[in-house]
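Here the structure comes first, spelled out in structure tokens, and everything after it is commentary.
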Amino acid sequence: MKNIRMKVARIERDMKQEDLAQVVGITRQTIGLIEAGKYNPSLKLCIAICKALGKTLDELFWEETL
Amino acid sequence: MRDLIQDERTVAQKRKIASETCNLLLLALMIAMLVQQFVLNVPFAHYAAEFICFFGACTYLLIRNLASGNSLYNRKNTGFNFVLLNSLVCGFTICVVTGIANYSRYGDNATSGIWLITLAITFLCGTAGAFLSFSILNYLNSKKQKNIENKLDEEEDKLS
């Protein structure tokens, strides 16, 4: 499932995927895969992304429908 | 629900163990080849199997990493200087290993002048060969990474 919330949060901060990848310390490809819903990040990576975007885990990664 | 979830920790740990086993196996193959070639001086047919397995596995690793778009090096700046430095180190290593092996076999027959010329030619050939190989790998790696970047840019434009 695509992570639109993460993408929106990134755009709100005026960040490109490359910028976010650099802040978090991973590759742009990984950010792209996470946003496309093709890769499940670890909890540690989720927390790092949340810190970089100034959001909580719930706001970015909680699944609304199970 | 319980059947659908895999224990990620154990899966990751098993993968890590398999990866370490693969690395150890490659190292053992390399050592076996070097010992048979330079210490025991056996004909190629005796260690052909190790040779094929080692270089086959290395080629597979390279191709899979290139195809996945993974960077082959753990650094950002992999331009001309990096390739040149790598080539010089490889050329030097080849020169030293070949020099030692040749000296142990033919050391009594050669004069110092011939030795130096042989070492110089070996170093130059080794460096040139390594430079060509690294340049090709670098080019393929960069090309694949650019393709991935372009695809990501297209997806960004679609959704925005």
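Averaged over A:31-38, how many beta carbons belonging to a partner chain fall within 10 Å of each residue's beta carbon? Please report the intermediate quantities before stating the final value.
Details: counts 1, 7, 1, 0, 4, 3, 0, 0.
Across the residues of A:31-38, the mean count of other-chain Cβ atoms within 10 Å is 2.
With label points built 7 Å along Cα→Cβ from the Cα atoms of residue B:148 and residue B:125, find their separation and express it in nm.
3.7
Name the residue from B:65, B:34, B:45 whose Cα lies farthest towards the positive end of the charge dipole of segment B:1-68, charges +1 on Cβ of Lys and Arg and -1 on Cβ of Asp and Glu.
B:65
Just subtract the alpha-carbon distance of residue B:65 and residue B:14 from 0.36 nm times their residue separation and send over the number in nm, one decimal. Before the final figure, lay out each step's value.
Values: separation 51, 0.36 × 51 = 18.36 nm, distance 2.03 nm.
Value of the extension gain: 16.3 nm.
Whole number in Å², please: accessible area per residue of segment B:75-160, 1.4 Å probe, ligands, DNA and RNA not counted.
Details: 6150 Å² over 86 residues.
Accessible surface, normalised per residue, equals 71 Å².
List the DSSP H helices in chain B whose Cα atoms stretch 24 Å or more along the helix axis and whose mean Kyte-Doolittle hydropathy is at least 1.0.
Values: long enough: B:8-34 (39 Å, 0.61); B:48-68 (30 Å, 1.25); B:80-106 (37 Å, 1.15); B:112-159 (69 Å, 0.05).
Result, helices passing both filters: B:48-68, B:80-106.
What order, most packed first, do the peptides B:24-30, B:8-14 have when packing is the mean number of other Cβ atoms within 10 Å of each residue? Walk me through the numbers on the way to the answer.
Numbers: B:24-30: 13.6, B:8-14: 10.1.
Output ranking for B:24-30, B:8-14: B:24-30, B:8-14.
So how far apart, in nm, are the two label points at residue A:51 and residue B:55 if each is 7 Å from Cα heading toward Cβ?
Each label point is offset 7 Å from its Cα along the Cβ direction, giving 4.7 nm.
Could you compute the FRET efficiency for residue B:140 and residue B:31, with r as their C-beta to C-beta distance and R0 at 35 Å, rounded to 0.05? Numbers along the way, then the final one.
On the way: r = 29 Å, r/R0 = 0.83.
E between residue B:140 and residue B:31, to the nearest 0.05, is 0.75.
Which whole number gives the average, over all residues in B:146-152, of C-beta atoms from other chains lying within 10 Å of the residue C-beta? It would help to have the intermediate numbers written out before the result.
Numbers: counts 0, 0, 4, 5, 0, 2, 10.
Mean shielding by partner chains, rounded to a whole number: 3.
Hey, any idea what % of segment A:1-54's accessible area is carbon plus sulfur with a 1.4 Å probe? Present the calculation step by step, with values, prior to reporting the outcome.
Values: 1740 of 3180 Å².
The computed percentage sits at 55.
How much accessible area is lost when chains B and A come together, counting both sides, with a 1.4 Å probe, in Å² rounded to the nearest 100? Let's see the in-between values first.
Details: alone 12570 and 4750 Å², together 16460 Å².
The summed interface area works out to 900 Å².
The values are calculated or read from the model by the stated rules, or taken from the named source; none is laboratory data. Treat the numbers as computed from the prediction; the structure is a model and nothing was measured. Cβ sites come from the backbone with ideal geometry, for glycine too, and all protein chains shown count toward neighbours. Side chains included, ligands, DNA and RNA excluded: accessible areas come from the protein's heavy atoms. Shrake-Rupley method; radii C 1.70, N 1.55, O 1.52, S 1.80 Å.
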